[in-house]
Each structure stands twice: as structure tokens, then as C-alpha cells.
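The values are calculated or read from the model by the stated rules, or taken from the named source; none is laboratory data. Everything numeric in this text was worked out from a predicted model, so none of it was measured. Every residue, glycine as well, gets a Cβ built from its backbone with ideal geometry; the counts of neighbours run over all protein chains shown.
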Amino acid sequence: MGYNTLNGEKAIKSVRKAVIPAAGLGTRMLPIARAIPKEMLPIVDKPAMAYLVDEAVKSGITDILIITGRNKNAIEDYFDYSPEYEAAFERRGKPEKIDEMRESAAPGGARIYFLRQRETKGLGHAILCAENFVGDEPFAVLYGDDVIVSETEPSTLQLINSYNKFGKTVCGVHRVPREQLKKYCSLKAEPIEGSENEYFVDDMVEKPQREEDMFSDLSILGRVILTPDIFDILRNTAPGAGNEIQLTDAIAAQARRDGVYAIEYEGTRFDIGSKNGFLIANTVMGCRNPETADEYKTFLKEFVKTL
């Protein structure tokens, strides 16, 4: 197991595991979510879940646990070999296609595991289900609804780099219009001297409904690196917003006790759990995909003229 140094003083464990919670019902994507897990809806030619797994692998993660629920077997099927397709490509003399399919099933040789969350008790409960997988190591959490496309380095890697400096939980944040904070969370954050995008956090509140409960316009969006003490906190976290065990409430307890850190990561976030987010993600990525970009951008230019 690898180790890094923290400020040249004490050793900290490398982040090599990731958890992707994907057990939610996807009510914002009804009626299609009744038949197809929202995480398997395509962004051009790959399911949203594949973007999350690829990001984790490109960030140096070697072991990934996907938390699923009932009727989400399609996720597990995707990250498996496909004998029928492989046989067809073998007959056609296209072995390179077999290699492509196997790479998509296990990108970079990553080990992908699955665990079913039997009860929908919230994100905090889903993370608690991963305790045996995580053990006593720090780990990344990539929220299943959030596909993030970065121009520099993967957002998860940006968080890992910050964790390697501070050795504590790191939250990936963006600024959110104050009128929308009631749908997210609000962090009490102080800028780190010498850094343009990192903060020390000693409190936060999940889905604040009153202006006086809003610390700042910084909100956790899609990514966190957690230290393993989060599990003891989660076991003692009462249900919060929506009568669910909220991961943010547990991180808030960490922040009040020892402090945590936040990084305003570079990257565009797509909320693929919403209809507009899903459509925007396909539009942006369709314009970037070399197979579709030219024809699709031509279509969009002409279509916009008709609006």
C-alpha cells in the first residue's frame, strides 16, 4: 500500500478506493427511470456511470465499489464481458473491437465491485454500506448524479491532491446562487493563505431553508474525499433532511470537531439526474465527440435559427 507525506511530517495513506452511490430511484427522470437506471442513460455513446468510473481510474483509483439498488442490474451488466458481441466481432475479423469492449468493462484494469443498498435511507446510509470495502483507508466518493468534465485534470484527482496536502476530508465545491442553496448545502469556509481555490471549513448545513442559516455560497457538488472516521460518525447521525441519513450532516460533524477542507475544483458539472442536465450534457459532449461533432454542430446552428 502506498503512502504520501503530509507537510513532510507524518505519513498518510494513498487514496486508492472510490465509492459511487447509485441506488436512488431517479424520480426526477420519470417515466424512463422506471425501466432504465438513470446512471445508465447515455451521454452520446456511453452511459453516465462510465464517465464516473473513467474519472476515478484517471485519478489513480484502483478499486471501485458501486452501490446499487433493486432493478439496477444493467449497471453490473455493463461492467462485464459480452461473449455474444465478442463472438460476432471474432467472426468479422475485428479483434480490436473486442479489446475496446473489454477495456470499457474494466477501464485501466480497475477492480469494480457491486453492493446493493437494500433500504433507501439516504446518501449517508449508502456510504455506511461501504465500510467493509473501505476499511481504514481514505476514499473518494463520486456522486452518481454528477458527471464532471474537466479541462485540466479529473476533479477527483484535484481533490486527492488537496487531501495529500492536508490529510483530512476534502469536499469538492462550486459556488451556487444563494436562492438555490436550499437545494444543496452551505459551507462556513475560510480561504487558505497562498491558495486560490482551497478553504478551511469548520461548519456546514444541509439544505438551509433560511437566509440566516446560509454560511456562504460554496456548496458540495458531486465529489468528496473522506477519511475512515466518517463511519463512526455516520452510525451516530440521526436522519436529517427528507428523513434520510445525510452525508453532509456527518461531514459537518467532522468539520466542527477537527475541521475539513474544500477545493473549488475546475470542471463543468452536469446533473444527469435531471432532464435539463441530461440534455445539456448530451449537447456539450455531442459537440466534442469526434464522431458526431461536425454534423451535430451544423444541425444545432440551423435548428437554433428556427426557434
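Within segment 223-238, restricting attention to residues that are in a loop (DSSP other than H, G, I, E, B) and modelled with pLDDT of 95 or more, which residue is farthest from the chain's Cα centre (by Cα)? Talk me through it step by step, then tell me what you get.
Quick first cut of segment 223-238, residues in a loop (DSSP other than H, G, I, E, B) only: 227-229, 236-238.
Next, from what is left, pick out any that are modelled with pLDDT of 95 or more: 227-229.
Details: THR227: 16, PRO228: 18, ASP229: 20 Å.
Result: ASP229.
Residues that are among the hydrophobic types (A, V, I, L, M, F, W, C), buried (at least 21 other Cβ atoms within 10 Å of the Cβ) and modelled with pLDDT of 90 or more: find the strands (runs of 3 or more DSSP E) completely inside segment 1-92 holding 2 or more of those.
Numbers: elements: 3-6, 10-13, 17-21, 63-68.
Of the strands (runs of 3 or more DSSP E) lying wholly inside segment 1-92, those with at least 2 residues that are among the hydrophobic types (A, V, I, L, M, F, W, C), buried (at least 21 other Cβ atoms within 10 Å of the Cβ) and modelled with pLDDT of 90 or more span 17-21, 63-68.
Which condition number in (1) touching a helix residue (DSSP H, G or I) at 6+ places or on another chain (Cβ under 6 Å); (2) crowded, with 17+ Cβ neighbours inside 10 Å is the one that SER216 fails?
Single failed check for SER216: (1).
When residues of segment 124-178 are filtered for being aromatic (Phe, Trp, Tyr) and either buried (at least 23 other Cβ atoms within 10 Å of the Cβ) or in contact with a Pro (Cβ under 7 Å, 6 or more places away or on another chain) (or both), how many remain? Can you show your working first?
Of segment 124-178, the ones aromatic (Phe, Trp, Tyr) are 133, 139, 143, 163, 166.
From what is left, the residues that are either buried (at least 23 other Cβ atoms within 10 Å of the Cβ) or in contact with a Pro (Cβ under 7 Å, 6 or more places away or on another chain) (or both) are 139, 143, 163.
Number satisfying all stated conditions: 3.
When you scan segment 120-133, do you find a residue that is among the aliphatic types (A, V, I, L, M) and over 16 Å from THR68 (Cα atoms), even just one? Explain how you work it out, then say what you get.
Our first condition is that a residue be among the aliphatic types (A, V, I, L, M); within segment 120-133, this holds for 123, 126-128, 130.
Next, only the ones that are over 16 Å from THR68 (Cα atoms) stay: none.
No; the residues of segment 120-133 include none that is among the aliphatic types (A, V, I, L, M) and over 16 Å from THR68 (Cα atoms).
If you check VAL147 against the conditions, is it under 18 Å from THR237 (Cβ atoms), part of a strand (DSSP E or B), touching a strand residue (DSSP E or B) at 6+ places or on another chain (Cβ under 7 Å) and in contact (Cβ under 8 Å) with a residue 60 or more places away in the chain?
Values: under 18 Å from THR237 (Cβ atoms): no; part of a strand (DSSP E or B): yes; touching a strand residue (DSSP E or B) at 6+ places or on another chain (Cβ under 7 Å): yes; in contact (Cβ under 8 Å) with a residue 60 or more places away in the chain: yes.
Spelling it out, it is not the case that VAL147 is under 18 Å from THR237 (Cβ atoms), part of a strand (DSSP E or B), touching a strand residue (DSSP E or B) at 6+ places or on another chain (Cβ under 7 Å) and in contact (Cβ under 8 Å) with a residue 60 or more places away in the chain.
Among the residues of segment 207-228, is there at least one that is free of Cβ contacts under 8 Å to residues at least 24 places away in the same chain and either of a type in the set (Gly, Ala, Ser) or under 15 Å from HIS174 (Cα atoms) (or both)?
Narrowing segment 207-228 to residues free of Cβ contacts under 8 Å to residues at least 24 places away in the same chain: 210, 212.
Imposing the further condition that a residue be either of a type in the set (Gly, Ala, Ser) or under 15 Å from HIS174 (Cα atoms) (or both) reduces the set to none.
Taking every residue of segment 207-228 in turn, none turns out to be free of Cβ contacts under 8 Å to residues at least 24 places away in the same chain and either of a type in the set (Gly, Ala, Ser) or under 15 Å from HIS174 (Cα atoms) (or both).
Which members of segment 169-214 meet the condition of being of a type in the set (S, T, N, Q), within 25 Å of GLU137 (Cα to Cα) and in a strand (DSSP E or B)? Reasoning before the result, please.
Residues of segment 169-214 of a type in the set (S, T, N, Q): 169, 180, 186, 195, 197, 209.
Restricting the remaining residues to those that are within 25 Å of GLU137 (Cα to Cα) gives 169.
Across segment 169-214, there are no qualifying residues.
Please pick out the residue among ILE280, ILE251, ILE245 that is under 30 Å from LEU30 (Cβ atoms), modelled with pLDDT of 95 or more and buried (at least 19 other Cβ atoms within 10 Å of the Cβ). It would help to see each step written out before you state the result.
Details: ILE280 fails: buried (at least 19 other Cβ atoms within 10 Å of the Cβ); ILE245 fails: modelled with pLDDT of 95 or more.
The match here is ILE251.
Go through THR227, THR156 for me and flag whichever is under 27 Å from SER274 (Cβ atoms) and polar (S, T, N, Q).
Values: THR227 fails: under 27 Å from SER274 (Cβ atoms).
Unique residue meeting the criteria: THR156.
Restricting attention to segment 15-41, which residues are in contact (Cβ under 8 Å) with a residue 40 or more places away in the chain and not hydrophobic (A, V, I, L, M, F, W, C)?
Of all residues in segment 15-41, those in contact (Cβ under 8 Å) with a residue 40 or more places away in the chain come to 15-26, 28-29, 38-39, 41.
Scanning segment 15-41 gives ARG16, LYS17, PRO21, GLY24, GLY26, ARG28, LYS38, GLU39.
For segment 61-79, give me the residue count where each residue is in contact with a Leu (Cβ under 8 Å, 6 or more places away or on another chain) and within 10 Å of ALA18 (Cα to Cα).
From segment 61-79, those in contact with a Leu (Cβ under 8 Å, 6 or more places away or on another chain) are 65-69; that's our starting set.
Still in the list and also within 10 Å of ALA18 (Cα to Cα): 65-66.
Adding up the residues that qualify gives 2.
With respect to GLY259, determine if the residue is small (Gly, Ala, Ser) and closer than 26 Å to LYS38 by Cβ. It would help to see each step written out before you state the result.
Working: small (Gly, Ala, Ser): yes; closer than 26 Å to LYS38 by Cβ: no.
So GLY259 does not fit the description; no.
Tell me whether segment 219-231 contains one or more residues that are in contact with a Lys or Arg (Cβ under 8 Å, 6 or more places away or on another chain), surrounded by 15 or more Cβ atoms within 10 Å (Cβ to Cβ) and of a type in the set (Val, Ile, Thr).
Looking through segment 219-231, at least one residue is in contact with a Lys or Arg (Cβ under 8 Å, 6 or more places away or on another chain), surrounded by 15 or more Cβ atoms within 10 Å (Cβ to Cβ) and of a type in the set (Val, Ile, Thr).
Name the residue, out of GLY124, GLY69, that is touching a residue at least 40 places away in the same chain (Cβ under 8 Å) and within 18 Å of PHE231 (Cβ to Cβ). Can you show your working first?
Values: GLY69 fails: within 18 Å of PHE231 (Cβ to Cβ).
When all the criteria are applied, what remains is GLY124.
Hey, could you check segment 93-111 for residues that are part of a loop (DSSP other than H, G, I, E, B) and surrounded by 12 or more Cβ atoms within 10 Å (Cβ to Cβ) and say which is farthest from the chain's Cα centre (by Cα)? Explain how you work it out, then say what you get.
Start the filter on segment 93-111 by keeping residues that are part of a loop (DSSP other than H, G, I, E, B), which leaves 93-94, 106, 110.
Okay, now just the ones that are also surrounded by 12 or more Cβ atoms within 10 Å (Cβ to Cβ), so 94, 106, 110.
Working: LYS94: 34, ALA106: 18, ALA110: 17 Å.
Going through the qualifying residues, I end up with LYS94.
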